[in-house]
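Each remark here refers to the structure printed beneath this line.
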Amino acid sequence: MNAPGYFISFEGGEGVGKSTQSRLLGDWLADLTGREVLLTFEPGATTLGQELRSAVMHGQDMGPRAEALIYAADRAHHVETVVRPALDRGAVVITDRYVDSSIAYQSGGRDLPPGEVEHLSLWATKGLRTDITILLDLDPEAAAARRAAAEGKGALDRLERAGLEFHTRVRDTFLQRAAADPERYVVIDAAAPVDDIQAQIRVDVVARLGLTPVVTEAAAVTVPDSEDRS
Ligand code: TMP
(Lines give C-alpha, C1' and ligand atoms only; values in the text may rest on other atoms or scores of the structure.)
Protein backbone atom coordinates (compact mmCIF):
# COMPACT_ATOMS: atom_id res chain seq x y z
CA MET A 1 0.00 0.00 0.00
CA ASN A 2 1.08 3.58 -0.67
CA ALA A 3 0.17 4.72 2.83
CA PRO A 4 -1.43 7.01 3.71
CA GLY A 5 -3.28 7.24 0.35
CA TYR A 6 -4.74 4.70 -2.04
CA PHE A 7 -3.64 4.37 -5.65
CA ILE A 8 -6.08 2.91 -8.20
CA SER A 9 -5.59 2.62 -11.97
CA PHE A 10 -8.03 1.92 -14.77
CA GLU A 11 -6.64 0.08 -17.78
CA GLY A 12 -7.90 -1.22 -21.10
CA GLY A 13 -8.09 -0.28 -24.76
CA GLU A 14 -9.47 2.96 -26.15
CA GLY A 15 -13.24 3.37 -25.97
CA VAL A 16 -13.88 0.91 -23.13
CA GLY A 17 -15.32 3.48 -20.70
CA LYS A 18 -12.37 4.08 -18.37
CA SER A 19 -13.00 7.79 -17.84
CA THR A 20 -16.73 7.33 -17.16
CA GLN A 21 -16.06 4.58 -14.66
CA SER A 22 -13.22 6.54 -12.97
CA ARG A 23 -15.53 9.49 -12.47
CA LEU A 24 -18.35 7.39 -11.03
CA LEU A 25 -15.96 5.58 -8.70
CA GLY A 26 -14.31 8.84 -7.62
CA ASP A 27 -17.60 10.48 -6.65
CA TRP A 28 -18.65 7.41 -4.73
CA LEU A 29 -15.33 7.00 -2.90
CA ALA A 30 -15.30 10.68 -1.89
CA ASP A 31 -18.69 10.21 -0.22
CA LEU A 32 -17.82 6.84 1.26
CA THR A 33 -14.44 7.67 2.74
CA GLY A 34 -14.49 11.44 3.22
CA ARG A 35 -11.03 11.51 1.67
CA GLU A 36 -9.81 13.80 -1.07
CA VAL A 37 -10.18 11.97 -4.39
CA LEU A 38 -7.90 12.93 -7.26
CA LEU A 39 -8.92 11.88 -10.77
CA THR A 40 -6.02 11.94 -13.17
CA PHE A 41 -4.76 10.29 -16.37
CA GLU A 42 -1.77 9.44 -18.55
CA PRO A 43 -0.43 10.75 -20.77
CA GLY A 44 -0.96 14.48 -20.44
CA ALA A 45 -2.19 15.45 -16.95
CA THR A 46 0.55 18.06 -16.44
CA THR A 47 1.67 21.01 -18.57
CA LEU A 48 4.79 19.11 -19.63
CA GLY A 49 2.64 16.04 -20.08
CA GLN A 50 0.37 17.86 -22.53
CA GLU A 51 3.37 18.55 -24.77
CA LEU A 52 4.55 14.95 -24.48
CA ARG A 53 1.04 13.67 -25.22
CA SER A 54 0.81 15.80 -28.31
CA ALA A 55 4.24 14.61 -29.53
CA VAL A 56 3.61 10.92 -28.94
CA MET A 57 0.02 10.74 -30.17
CA HIS A 58 -0.13 13.38 -32.88
CA GLY A 59 3.50 14.11 -33.77
CA GLN A 60 5.82 12.63 -36.37
CA ASP A 61 6.23 8.90 -36.56
CA MET A 62 8.83 7.41 -34.23
CA GLY A 63 10.32 4.08 -33.23
CA PRO A 64 9.08 2.02 -30.28
CA ARG A 65 11.96 3.04 -28.01
CA ALA A 66 11.35 6.76 -28.50
CA GLU A 67 7.63 6.12 -27.93
CA ALA A 68 8.31 4.16 -24.72
CA LEU A 69 10.61 6.89 -23.41
CA ILE A 70 8.06 9.64 -24.00
CA TYR A 71 5.36 7.75 -22.10
CA ALA A 72 7.88 7.09 -19.33
CA ALA A 73 8.85 10.78 -19.18
CA ASP A 74 5.19 11.77 -18.89
CA ARG A 75 4.75 9.21 -16.11
CA ALA A 76 7.85 10.29 -14.20
CA HIS A 77 6.69 13.91 -14.12
CA HIS A 78 3.08 12.99 -13.39
CA VAL A 79 4.02 10.78 -10.43
CA GLU A 80 6.51 13.25 -9.00
CA THR A 81 4.35 16.36 -9.25
CA VAL A 82 0.76 15.07 -9.01
CA VAL A 83 0.36 11.47 -7.84
CA ARG A 84 2.89 11.14 -5.00
CA PRO A 85 2.04 14.47 -3.36
CA ALA A 86 -1.65 13.47 -3.37
CA LEU A 87 -0.92 10.02 -1.92
CA ASP A 88 1.22 11.68 0.75
CA ARG A 89 -1.78 13.87 1.65
CA GLY A 90 -3.82 10.70 2.14
CA ALA A 91 -5.88 11.08 -1.04
CA VAL A 92 -7.43 8.37 -3.14
CA VAL A 93 -5.73 8.76 -6.55
CA ILE A 94 -7.53 7.26 -9.53
CA THR A 95 -5.57 7.32 -12.76
CA ASP A 96 -6.91 6.56 -16.21
CA ARG A 97 -3.91 4.47 -17.44
CA TYR A 98 -0.57 3.73 -15.76
CA VAL A 99 2.34 1.27 -16.10
CA ASP A 100 0.22 -1.55 -17.54
CA SER A 101 -0.58 0.60 -20.58
CA SER A 102 3.13 0.87 -21.37
CA ILE A 103 3.60 -2.86 -21.13
CA ALA A 104 0.46 -3.61 -23.15
CA TYR A 105 1.13 -1.04 -25.93
CA GLN A 106 4.91 -0.70 -26.12
CA SER A 107 5.64 -4.37 -25.40
CA GLY A 108 2.52 -6.31 -26.45
CA GLY A 109 1.76 -3.92 -29.30
CA ARG A 110 5.20 -2.69 -30.38
CA ASP A 111 7.17 -5.79 -29.38
CA LEU A 112 9.70 -4.32 -26.94
CA PRO A 113 10.76 -6.82 -24.23
CA PRO A 114 8.18 -6.58 -21.41
CA GLY A 115 10.78 -6.69 -18.61
CA GLU A 116 12.60 -3.71 -20.09
CA VAL A 117 9.42 -1.66 -20.47
CA GLU A 118 8.36 -2.45 -16.92
CA HIS A 119 11.81 -1.61 -15.59
CA LEU A 120 11.73 1.74 -17.40
CA SER A 121 8.39 2.61 -15.79
CA LEU A 122 9.49 1.51 -12.35
CA TRP A 123 12.62 3.61 -12.71
CA ALA A 124 10.52 6.57 -13.85
CA THR A 125 8.18 6.28 -10.86
CA LYS A 126 10.74 5.19 -8.25
CA GLY A 127 8.82 1.94 -7.98
CA LEU A 128 5.35 3.31 -7.32
CA ARG A 129 2.80 0.55 -7.93
CA THR A 130 -0.96 0.69 -7.76
CA ASP A 131 -2.89 -0.84 -4.88
CA ILE A 132 -5.51 -2.08 -7.31
CA THR A 133 -5.78 -2.06 -11.11
CA ILE A 134 -9.16 -2.33 -12.79
CA LEU A 135 -8.97 -3.75 -16.30
CA LEU A 136 -12.00 -2.96 -18.45
CA ASP A 137 -11.82 -5.68 -21.05
CA LEU A 138 -13.46 -5.33 -24.45
CA ASP A 139 -12.97 -6.86 -27.86
CA PRO A 140 -10.99 -4.26 -29.90
CA GLU A 141 -13.49 -4.35 -32.78
CA ALA A 142 -16.38 -3.61 -30.42
CA ALA A 143 -14.33 -0.82 -28.82
CA ALA A 144 -13.56 0.76 -32.20
CA ALA A 145 -17.25 0.64 -33.18
CA ARG A 146 -18.23 2.23 -29.88
CA ARG A 147 -15.68 5.01 -30.35
CA ALA A 148 -16.77 5.69 -33.91
CA ALA A 149 -20.40 5.94 -32.78
CA ALA A 150 -19.49 8.33 -29.97
CA GLU A 151 -17.03 10.59 -31.79
CA GLY A 152 -17.88 10.31 -35.47
CA LYS A 153 -15.06 9.79 -37.94
CA GLY A 154 -12.47 12.19 -36.51
CA ALA A 155 -8.78 11.80 -37.38
CA LEU A 156 -7.23 8.80 -35.64
CA ASP A 157 -4.15 9.33 -33.46
CA ARG A 158 -0.89 7.36 -33.97
CA LEU A 159 -1.93 4.58 -31.61
CA GLU A 160 -5.45 4.27 -32.94
CA ARG A 161 -4.04 3.93 -36.45
CA ALA A 162 -2.00 0.87 -35.42
CA GLY A 163 -4.66 -1.61 -36.58
CA LEU A 164 -6.67 -4.52 -35.25
CA GLU A 165 -3.80 -6.99 -34.80
CA PHE A 166 -1.90 -4.46 -32.72
CA HIS A 167 -4.94 -3.81 -30.54
CA THR A 168 -5.60 -7.52 -30.14
CA ARG A 169 -2.03 -7.99 -28.87
CA VAL A 170 -2.56 -5.06 -26.50
CA ARG A 171 -5.71 -6.66 -25.13
CA ASP A 172 -4.03 -10.06 -24.73
CA THR A 173 -1.14 -8.49 -22.85
CA PHE A 174 -3.46 -6.73 -20.42
CA LEU A 175 -5.29 -10.01 -19.80
CA GLN A 176 -2.05 -11.96 -19.27
CA ARG A 177 -0.81 -9.43 -16.74
CA ALA A 178 -4.10 -9.55 -14.86
CA ALA A 179 -4.10 -13.35 -14.81
CA ALA A 180 -0.56 -13.38 -13.40
CA ASP A 181 -1.45 -11.16 -10.41
CA PRO A 182 -5.10 -11.75 -9.43
CA GLU A 183 -4.63 -10.05 -6.05
CA ARG A 184 -3.96 -6.67 -7.64
CA TYR A 185 -6.09 -6.84 -10.79
CA VAL A 186 -9.83 -6.86 -11.25
CA VAL A 187 -10.97 -7.80 -14.77
CA ILE A 188 -14.40 -6.54 -15.79
CA ASP A 189 -16.35 -7.19 -18.96
CA ALA A 190 -16.69 -3.71 -20.45
CA ALA A 191 -19.53 -4.82 -22.72
CA ALA A 192 -21.89 -4.82 -19.70
CA PRO A 193 -24.13 -1.82 -18.91
CA VAL A 194 -22.36 1.16 -17.28
CA ASP A 195 -24.21 0.80 -13.95
CA ASP A 196 -23.50 -2.91 -13.67
CA ILE A 197 -19.82 -2.33 -14.33
CA GLN A 198 -19.70 0.38 -11.69
CA ALA A 199 -21.49 -1.81 -9.13
CA GLN A 200 -18.96 -4.59 -9.67
CA ILE A 201 -16.03 -2.17 -9.40
CA ARG A 202 -17.32 -0.81 -6.09
CA VAL A 203 -17.61 -4.28 -4.59
CA ASP A 204 -14.07 -5.18 -5.65
CA VAL A 205 -12.48 -1.90 -4.59
CA VAL A 206 -14.01 -1.91 -1.11
CA ALA A 207 -13.16 -5.56 -0.55
CA ARG A 208 -9.57 -5.27 -1.71
CA LEU A 209 -8.66 -1.97 -0.16
CA GLY A 210 -10.51 -2.68 3.09
CA LEU A 211 -12.07 0.80 3.03
CA THR A 212 -14.24 1.89 5.91
CA PRO A 213 -17.10 4.35 5.43
CA VAL A 214 -17.05 7.61 7.42
CA VAL A 215 -19.68 10.28 7.91
CA THR A 216 -18.57 13.43 6.09
CA GLU A 217 -19.80 16.94 5.51
CA ALA A 218 -18.34 17.70 2.10
CA ALA A 219 -16.08 15.41 0.18
CA ALA A 220 -14.10 16.94 -2.67
CA VAL A 221 -13.17 15.46 -6.01
CA THR A 222 -10.34 17.30 -7.77
CA VAL A 223 -9.06 16.96 -11.30
CA PRO A 224 -5.68 18.02 -12.68
CA ASP A 225 -5.23 21.39 -14.44
CA SER A 226 -5.11 19.80 -17.87
CA GLU A 227 -8.48 18.45 -18.91
CA ASP A 228 -7.77 18.64 -22.61
CA ARG A 229 -7.08 15.16 -23.90
CA SER A 230 -7.22 15.72 -27.63
P1 TMP B 1 -6.28 7.94 -24.18
O2 TMP B 1 -5.86 8.88 -23.11
O3 TMP B 1 -7.31 8.52 -25.06
O4 TMP B 1 -6.61 6.59 -23.68
O5 TMP B 1 -5.03 7.76 -25.18
C6 TMP B 1 -3.79 7.41 -24.73
C7 TMP B 1 -3.13 6.59 -25.80
O8 TMP B 1 -1.77 6.35 -25.46
C9 TMP B 1 -3.78 5.23 -25.99
O10 TMP B 1 -3.72 4.86 -27.35
C11 TMP B 1 -2.87 4.31 -25.21
C12 TMP B 1 -1.52 4.96 -25.38
N13 TMP B 1 -0.59 4.70 -24.29
C14 TMP B 1 0.56 3.95 -24.54
O15 TMP B 1 0.76 3.48 -25.65
N16 TMP B 1 1.45 3.76 -23.51
C17 TMP B 1 1.27 4.30 -22.27
O18 TMP B 1 2.10 4.11 -21.38
C19 TMP B 1 0.06 5.07 -22.04
C20 TMP B 1 -0.17 5.68 -20.69
C21 TMP B 1 -0.82 5.25 -23.07
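Using C-alpha pairs under 8 Å with a sequence gap of at least 6, the mean separation divided by the residue count of the chain gives a relative contact order of 36 percent. From the P(r) of the chain, could you give the percentage of C-alpha pairs in the tail past 21 Å? The calculated P(r) of the chain puts 54 percent of pairs beyond 21 Å. Rolling a 1.4 angstrom probe over the protein heavy atoms with all chains in place gives the chain an accessible area of 48 Å² per residue. Between residue 54 and residue 212, the C-beta separation translates, for a Förster distance of 45 Å, into a calculated FRET efficiency of about 0.60. Of the trypsin sites (Lys or Arg not before Pro) found in region 139-174, the ones in coil according to DSSP and having at most 11 other Cβ atoms within 10 Å of their Cβ are 153. For region 10-106, what log10 I(q)/I(0) values come out of the Debye formula at q = 0.19, 0.23, 0.24, 0.25 1/Å, with one point per alpha carbon and no solvent? Here the Debye-derived log intensity ratios amount to -0.94, -1.23, -1.29, -1.35.
Over the residues of the chain, the helix contribution to mean residue ellipticity at 222 nm works out to -14500 deg cm²/dmol, using -39500 (n - 2.57) for each DSSP H run of at least 4. Legend: residues 165, 160, 11, sorted from most to least accessible area (1.4 Å probe; ligands, DNA and RNA excluded), read 165, 160, 11. Within region 1-108, what whole-number % of the accessible surface is contributed by carbon and sulfur, with the 1.4 Å probe and all protein chains included in the calculation? Of the solvent-accessible surface of region 1-108, carbon and sulfur hold 53 percent.
The values are calculated or read from the model by the stated rules, or taken from the named source; none is laboratory data. Given the structure is predicted, the values throughout are model-derived calculations rather than measurements. Note that we place each Cβ from the backbone using ideal geometry, even for glycine, and neighbour counts take in every protein chain shown. Keep in mind that these areas ignore ligands, DNA and RNA; they rest on the heavy atoms of the full protein, side chains included. Shrake-Rupley method; radii C 1.70, N 1.55, O 1.52, S 1.80 Å.
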